[in-house]
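Participant: Got a structure for you, questions after.
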Amino acid sequence: MTIEQCQKYYHRLHIGSMGHSGAPKGEVQVEFRTGTPQRRVYVYYQKSNGKLVSVTYAKMGEDETFSKDEIHYLTGLNQGSGLVTKVTGGYFEVSTPEQAQLEQAQ
C-alpha cells in the first residue's frame, strides 16, 4: 500500500493525519488519530515511492489491549507477505525485519 492509498482510506473515515520527525533517513512518519476512544495508526513510508514500510496500530488508554479477533484479523492481512508482526499491550506493529531494526536504531 502507498501513503496516498492510506490517507485516502482514513480521510474517508474523517480521520486526520499529522507528520512526525524522527523517521529513518529516506522515510517519513505520519500519524492518523481518532477522538474518543483514542486510536492511533503510525505509518512509516519511503519518500522515494510512497510505499508503506511499517505500521503500528495503537489503542490509547488505561488497560487497552487488542482482542484475539483483532490480532487474528490484523495478522491475517499480512500473512505470507514476509512482514513481521509484534503485539505489546495496546500496540500492534507490522513491519519488515529490516525496518524494525532501523526504527529501533532511532
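Participant: Check GLU70, GLU93 and return the single one that is surrounded by 10 or more Cβ atoms within 10 Å (Cβ to Cβ), of a type in the set (Asp, Glu) and part of a helix (DSSP H, G or I). Reasoning before the result, please.
Facilitator: Numbers: GLU93 fails: part of a helix (DSSP H, G or I).
That would be GLU70, the only listed residue that is surrounded by 10 or more Cβ atoms within 10 Å (Cβ to Cβ), of a type in the set (Asp, Glu) and part of a helix (DSSP H, G or I).
Participant: Then there is this: For the range 14-31, which positions are out of contact with any His (no Cβ under 9 Å at 6 or more places or on another chain), assigned to a strand (DSSP E or B) and either modelled with pLDDT of 90 or more or farther than 21 Å from GLN104 by Cα (or both)?
Facilitator: Selection gives GLY16, MET18, GLU27.
Participant: Determine whether the range 24-44 contains at least one residue that is over 23 Å from ASP63 (Cβ atoms) and small (Gly, Ala, Ser).
Facilitator: Checked the range 24-44: at least one residue is over 23 Å from ASP63 (Cβ atoms) and small (Gly, Ala, Ser).
The values are calculated or read from the model by the stated rules, or taken from the named source; none is laboratory data. These numbers come from a predicted model, not from an experiment. With ideal geometry, Cβ positions are generated from the backbone for all residues, glycine too; neighbour counts draw on all protein chains shown.
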